[in-house]
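The values are calculated or read from the model by the stated rules, or taken from the named source; none is laboratory data. Small disclaimer: the values here were computed from a predicted structure and weren't measured. FYI the Cβ positions are ideal-geometry reconstructions off the backbone, even for glycines, and counts take in every protein chain you see.
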Amino acid sequence: MEESTSREKILKKIRNALLTKSENPYPIVGNDKPIYNEITESLDLTFAEEFNKVAGKFVYCENENDFLSSLKMLINENSWSPVYCLDKKIKTLLNTKDISFTDKQEDFYDLKVAITRCEFLIARLGSAMISSKHDSGRRLNIYPEIHIILAYTSQLVPDLKNALAGIKKRYGDDLPSMISVVTGPSRTADIEKTLVMGAHGPKDLYVFLVDDNISNGIME
């Protein structure tokens, strides 16, 4: 029977096309293949290499006493005293070495250096995951000119997905109101394609990594 309308002709072509199988012109990509290459180095070495690539300043410490000695030397060399700190556990550490710090609200807007902790260190990215759950809150990660992070080797994870899984396990349904990933000091090249450091946050970012797998730490 001859087709009587253009509509019927079009519908017939569609039916025939749906019944006819054609080869996929695009290569089949296996969904089971990993996106990234496997990390072959240790997590601390991988993190240090990636962190240095993004202009971060990495300091490895054998234990907390080593951290305090290195921090005190850095502060004295740069005349940074006092540093700003709100974290109770870090303040306990600083007191053991008589490292001067302030936690007064009236000193906040004049602060140059702040020290905080983090949730995780992401080795592949050379990044630190931070959250508002810590005593330091939101401001100390972005406001100071120089940001110092105290972290431990037990906080190292390979990838971002591991850090997110760790956050979920740690806090359950009571997740922090702010979770962020910091990768190196703040920078921008929006203005005339010139790289500017410290544009929207710290221009220097330090990570002191304490090996808590071998040390008898002061901090619980």
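Restricting Ile142, Ile148 to residues that are modelled with pLDDT under 95 and within 15 Å of the chain's Cα centre (by Cα) narrows the list to Ile142. Between residues in the stretch 107-135 that are farther than 28 Å from Ser42 by Cβ and residues that are part of a helix (DSSP H, G or I), which pairs lie under 6 Å by C-beta distance while being six or more apart or on different chains? Close Cβ pairs (under 6 Å, with a partner that is part of a helix (DSSP H, G or I)) amount to Ala114/Leu140; Asp135/Lys88.
Can you find, within the stretch 143-183, the residue that is surrounded by the fewest Cβ atoms within 10 Å (Cβ to Cβ) among those that are aliphatic (A, V, I, L, M) and part of a helix (DSSP H, G or I)?
Ala165
So, in the stretch 1-54, of the ones that are part of a loop (DSSP other than H, G, I, E, B) and surrounded by 11 or more Cβ atoms within 10 Å (Cβ to Cβ), which residue ends up modelled with the lowest pLDDT? Applying the filter and picking the extreme gives Glu3. Selection over the stretch 55-108 of residues that are of a type outside the set (Ser, Thr, Tyr), within 20 Å of Leu121 (Cβ to Cβ) and in a helix (DSSP H, G or I) gives a count of 9. If you go through the stretch 184-207 and keep only what is modelled with pLDDT of 90 or more and either in a helix (DSSP H, G or I) or in contact with an Asp or Glu (Cβ under 9 Å, 6 or more places away or on another chain) (or both), you end up with just Asp204. Taking the numbered list (1) within 18 Å of Leu209 (Cα to Cα); (2) small (Gly, Ala, Ser); (3) within 15 Å of the chain's Cα centre (by Cα) in turn, Ala114 passes all entries but (3). A Cβ distance below 7 Å, combined with a sequence gap of six or more or placement on separate chains, defines the contacts here; from the stretch 88-103, residues that are crowded, with 16+ Cβ neighbours inside 10 Å reach residues that are of a type in the set (Lys, Arg) and not in a loop (DSSP other than H, G, I, E, B) in the pairs Ile90/Arg117; Ile99/Lys72; Phe101/Lys91.
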